[in-house]
Amino acid sequence: MKNARQNTIIELILANDIETQNQLIEALAQAGINSTQATVSRDIKELHIIKELSPEGKYRYAPAHKKELQNHSTRLKAIFREGVTSCVCAQNMIVIKTLPGLAPAACSAIDGMNIDTIAGTLAGDDTAFLCMFTSEDAKTFCEEIKSMM
């Protein structure tokens, strides 16, 4: 139910200029999905929906992923420049050491880039593990990380 509702929300905001949560609740109701303001508010937060300026000069809801994709490289470089202390490669794994509390941010930024050579990431407090598909992928990405530091 939640996934269907959230998918419908994305479809609605892409197809319509929806300015308020009440308009979104009404559009959901017209699509056959009854929802409360609290639920829609949580969905907006979980989906990282933002308000953007429409060509007509009004603010409307929009999925943030378009802007996030453009900003991932900048965010990743900032995180790595300011928070990563070391990076080593061990076969197809990369171990990244960060300042305390920054490993989740590093993994989140990497995950958001949808790099197809990464099998997965795991973050602790100050250590992140990246599992790559091949040792060569790990070496290449580790060098990229070092160049961002």
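Please find, among Ile115, Ile110, Ile79, Ile94, the residue that is over 30 Å from Glu11 (Cα atoms) and modelled with pLDDT under 95.
Ile79
Is there any pair linking a residue in region 115-127 that is free of Cβ contacts under 8 Å to residues at least 12 places away in the same chain to one that is among the hydrophobic types (A, V, I, L, M, F, W, C), with Cβ under 7 Å and at least six apart or on different chains, and which?
Hits for this filter: Gly120/Cys131.
Tally up the residues in region 33-45 that are out of contact with any helix residue (DSSP H, G or I) (no Cβ under 9 Å at 6 or more places or on another chain) and over 14 Å from Gln6 (Cβ atoms), please. I'd like the intermediate steps shown before the answer.
Start the filter on region 33-45 by keeping residues that are out of contact with any helix residue (DSSP H, G or I) (no Cβ under 9 Å at 6 or more places or on another chain), which leaves 38, 42, 45.
Now drop any that are not over 14 Å from Gln6 (Cβ atoms), which leaves 38.
Here the count works out to 1.
The values are calculated or read from the model by the stated rules, or taken from the named source; none is laboratory data. Remember, it's a predicted structure, so these values are computed and weren't measured experimentally. Here Cβ is always computed from backbone atoms with ideal geometry, including for glycine, and neighbour counts include all displayed protein chains.
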